[in-house]
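These notes concern the structure reproduced below.
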Amino acid sequence: MNQVRNIGIFAHVDAGKTTLSEQLLAHAGAIRTKGSVDSGTAHTDTLPVERRRGISVKATCVSFRHREVQINLIDTPGHVDFSAEVERSLWALDAAVLVVCAVEGVQPQTEVLFNAMAEQHIPVIFFLNKTDRVGADPDMVLGQIRRLLSKKAVMLTDAEAVTELICEQDDELFERYLNGETFEEDFLCQRLALLSQKAEAYPVLCGSALRDEGVLPLLDAIVDFFPAPGVCDSLCGVVFAAQHDRSLGRGVWVRLFGGTLENRAPIALPIGTDPVTGELKTETVKISQIFDPDNNPTGKLTAGNIGIVYGLGNVPIGHVLGSSDLLPRQIEPGRLRTPLITVQVIPEKPEQMQSLHQACTILSGEDPLLHAQYIRSLNELHLQVMGTIQLEILAEVLKTRFDLDVTFTPPAIIYRETVSQSCEGYVAYVAPKPCWAVLRFRIDPAPRGSGVTFRSEVPVRDIKSHYQNQVAQAIPLALNQGRLGWQVTDVNITLIDGGDHHMHTHPLDFIVATPMAIQDGLQKGGSTLLEPILDVRFLLPSESVGRVISDVSTMRGEVLDSFSDGERMILNARIPLQSSLDYSITLASFTGGRGAMSVRLHGYKECPLELGTTAKRRNADPLDKSKYILAARSALEGGIFDF
């Protein structure tokens with residue numbers, strides 16, 4: 001298994017990442033002619049929209065060999081609107097090449113990417129690209145990397161710096177170094193490799209992908225300084241991407257950490273939750289075909305490798321095959337960046353709504369953060385997105401792939417809400433018969449960012465344990481929309497009283513009753529609107545700092561700190577999304593493109609209702625008991641469960 005490396009290649013947009021990928025493929029003999037981003041012939045840009053626009057929007061995995069080592073390389077998008085693709089790639093790899101422009105240096109997205117990798121202890125090699133350009137300054141960029149990202153970054157060609165870094169982390173070697181001992185190059189490389197493989201050192205190389213300079217040393221470094229995949233005997237793998245084949249149907253990309261998958265092998269997959277018991281329901285399917293990253297049928301996927309698996313139906317992205325306890329890192333969609341805006345997508349022809357719904361459901365299967373939601377009561381289809389560039393790409397994909405012309409409503413911010421004060425919610429769901437579920441909750445405000453907690457103080461003699469499990473299962477349904485129409489968060493919910501009936505209680509009664517009691521409490525406690533707040537990092541020419549500080553204040557934000565980094569200033573601020581939604585366009589305009597910003601969700605805080613907005617209710621209101629109960633009894637797969 002030492003003959004495999006699973007790596008990703010990442011960069012801030014326009015740093016030359018895809019060009020570098022082409023050169024790596026060419027050097028390894030995987031392609032005969034090098035493609036070009038500008039001409040739309042890059043081999044890792046496979047979608048028509050990518051070739052036409054010269055921008056990567058989906059992560060692509062390709063495989064090649066160097067020095068008898070198989071390298072599975074995932075080329076990722078650079079634009080922040082496609083951070084979900086980047087995040088899912090992190091689930092599958094063991095190490096990463098982070099490309100930094102030798103002219104522009106460390107950009108905001110560079111920092112976001114590195115921090116995400118450092119958090120997961122992913123080994124990284126930096127490649128300082130575009131050293132052939134006027135203004136390139138690798139030493140300056142190395143200094144930025146060491147100041148802004150990690151002091152453990154070291155230029156691979158600087159033997160003295162490598163020696164010092166290694167000795168700093170080994171007391172015995174440090175003492176030998178102080179006594180004047182020198183170390184052989186092979187010894188230093190071996191020690192640096194051990195540190196690099198544990199993400200305790202970060203080798204730095206320089207070159208020009210366009211001119212094919214420094215590419216071969218990078219290939220050697222990938223083999224020498226990145227770890228081979230750790231494997232285990234038990235089945236463990238993660239589904240990190242999906243694609244559609246006209247003849248084979250839906251295929252999913254799987255990184256296998258343990259065990260083996262083979263054609264015709266049975267796999268148990270989740271198909272939902274039992275509404276009565278709350279238990280996860282599964283069905284067994286059989287793998288129909290397995291391909292390698294180069295789309296060659298192999299019939300088998302072994303631990304430590306990546307492949308495309310067909311026959312798993314609509315298995316969700318992020319699903320773990322086998323034991324999740326064996327995963328090397330956390331699988332949590334939305335960790336790198338969460339969609340904060342929503343749009344309504346409208347078909348050109350109203351009669352195409354069903355086809356549009358099906359298309360968006362397929363796209364949500366490939367990108368779960370899109371969260372396509374069809375609201376039947378309103379005949380509306382909504383998507384959650386990262387930004388305007390993603391919307392432009394979605395429109396093209398819907399046209400070219402599904403032959404659907406669409407428009408989008410202006411982006412709307414996704415707010416949250418919480419209860420304003422402690423309260424109690426009550427319901428006696430005892431009519432119309434047959435039914436019986438009596439519930440009383442205490443709902444308390446909780447600290448910002450704490451989410452939702454639930455516990456029960458009711459003894460099982462009053463409400464049987466399996467009914468109490470149903471109450472817990474129904475809490476997300478009850479909080480999906482509060483009285484302002486937004487998801488309710490930051491509340492502690494306690495079941496304090498209630499009862500079932502040995503004859504009249506039916507299996508779904510407590511699931512139906514829970515939202516009625518919770519909404520009763522939310523109405524009594526009042527609602528507080530919560531707006532998303534962004535942590536923003538600006539990279540600015542010095543003459544623009546004053547303007548940005550003034551703008552931050554105007555946007556109801558606050559400047560946290562600022563400092564000089566060579567010829568540019570770095571300014572950190574905290575700003576509401578509502579007032580800064582289009583600020584990147586303004587910033588680019590008045591800085592002549594020299595200013596940049598990166599954003600990350602800080603959290604949510606109270607917002608006056610006049611500065612925010614409410615949301616339309618998507619289904620029957622639990623406080624309109626007659627209509628709500630009718631919806632619950634007549635359409636269990638739609639109605640109250642359609643969220």
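The values are calculated or read from the model by the stated rules, or taken from the named source; none is laboratory data. Owing to the predicted nature of the structure, the values given are computational and were not obtained by experimental measurement. Reconstructed Cβ throughout: ideal geometry from the backbone, glycine too, with neighbour counts over all protein chains shown. These accessible areas exclude ligands, DNA and RNA; they are computed on the full protein's heavy atoms, side chains included. Shrake-Rupley method; radii C 1.70, N 1.55, O 1.52, S 1.80 Å.
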Fill in: DSSP-loop GluC sites (Glu not before Pro) across segment 490-582, with at most 13 other Cβ within 10 angstrom
Glu567
Worksheet item: For segment 262-389, what are the per-bin percents of Cα-Cα distances with bins 5 Å wide, up to the bin holding the maximum?
Response: 2, 8, 13, 15, 17, 17, 14, 10, 4, 1
Worksheet item: With a Cα-only, solvent-free Debye model of segment 143-208, what are the log10 I(q)/I(0) values at q = 0.16, 0.20, 0.21, 0.29 Å⁻¹?
Response: -0.52, -0.79, -0.86, -1.39
Worksheet item: Angle, helix 159-168 long axis vs. longest principal axis of the chain, Cα atoms, 0 to 90°, nearest 10?
Response: 50
Worksheet item: Got a number for carbon plus sulfur as a percent of segment 441-560's accessible area, 1.4 Å probe?
Response: 50
Worksheet, complete the sentence: Residue-normalised value, i.e. accessible area per residue, for the chain at 1.4 Å probe, in Å², stands at 44
Discussion item. I'd like the accessible area for Thr282, computed on protein heavy atoms only with a 1.4 Å probe and all protein chains in place. Round to 10 Å², please.
Written reply: 80
Worksheet entry | Globularity index of segment 322-402, i.e. its alpha-carbon radius of gyration over 2.2 N^0.38 Å | 1.28
Discussion item. Give me the percent relative contact order of segment 386-484, please, defined on Cα pairs under 8 angstrom at least 6 residues apart.
Written reply: 18
Worksheet item: Expressed as an acute angle from 0 to 90° and rounded to the nearest 10, what is the orientation of the C-alpha long axis of helix 388-402 relative to the principal long axis of the chain?
Response: 80
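Using only alpha carbon positions, build the gyration tensor of segment 429-479, then give the equivalent ellipsoid semi-axes as the square roots of 5 times its eigenvalues, largest first, whole angstrom.
Numbers: eigenvalues 116, 35, 20 Å².
For segment 429-479, the semi-axes come out at 24, 13, 10 Å.
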Worksheet entry | Rg/Rh for segment 440-570, where both radii come from Cα atoms and Rh is the Kirkwood radius | 1.27
Worksheet, complete the sentence: Quick P(r) readout (segment 310-450; Cα-Cα; 10 Å bins; whole %) gives 9, 27, 24, 25, 14, 1
Worksheet item: Two-decimal Rg/Rh of segment 377-420 from alpha-carbon positions, Kirkwood Rh?
Response: 1.10
Practice prompt. Quick one: Debye curve from the alpha-carbon atoms of segment 521-643 only, equal weights, vacuum; give me log10 I(q)/I(0) at q = 0.14, 0.16 Å⁻¹ to two decimals.
Written response: -0.70, -0.80
Item to complete: Just need the relative contact order of the chain here, percent rounded to a whole number, with Cα pairs under 8 Å and 6+ apart.
Response: 10
Discussion item. Strictly greater than 20 Å: what percent of every Cα pair in segment 169-237 meets that?
Written reply: 49
Response to the item:
Heavy-atom accessible area with a 1.4 angstrom probe orders Val512, Val460, Val134, most exposed first, as Val134, Val460, Val512
Worksheet item: Looking only at trypsin sites (Lys or Arg not before Pro) in DSSP loops with at most 11 other Cβ atoms within 10 Å, what is the longest site-free stretch of the chain?
Response: 265-460
Practice prompt. For segment 100-188, just the Cα set please: Rg and Dmax, both in angstrom.
Written response: 15.2, 44
Item to complete: Go through segment 403-510 and name the GluC sites (Glu not before Pro) that are in a DSSP coil and have 11 or fewer other Cβ atoms within 10 Å of their Cβ.
Response: Glu457
Worksheet item: Mind checking the log10 I(q)/I(0) for segment 181-330 at q = 0.13, 0.17 Å⁻¹? Debye, one equal scatterer per Cα, no solvent, two decimals.
Response: -0.76, -1.01
Discussion item. In whole percent, and with a 1.4 Å probe on the protein chains, what portion of the accessible area of segment 229-382 is carbon and sulfur?
Written reply: 47
Worksheet item: Taking Cα pairs under 8 Å and at least six residues apart, what relative contact order does segment 440-546 come out at, in percent?
Response: 39
Response to the item:
The equivalent-ellipsoid semi-axes of the chain, taken as the square roots of five times the Cα gyration tensor eigenvalues and listed largest first in whole Å, are 46, 30, 26
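Could you compute the net charge surrounding Glu262? Neighbours are other residues with a C-beta less than 13 Å from the C-beta of Glu262; K and R count +1, D and E count -1.
Net local charge, Glu262 excluded: +3.
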Item to complete: For His504, tell me the accessible area in Å² from a 1.4 Å probe, rounded to the nearest 10.
Response: 60
Practice prompt. Evaluate Rg over Rh across segment 89-151, taking Cα atoms for both radii and Kirkwood's formula for Rh.
Written response: 0.99
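For segment 332-376, what does the equivalent ellipsoid look like in terms of its semi-axes, each the square root of 5 times an eigenvalue of the Cα gyration tensor, given largest first in whole Å?
23, 11, 7
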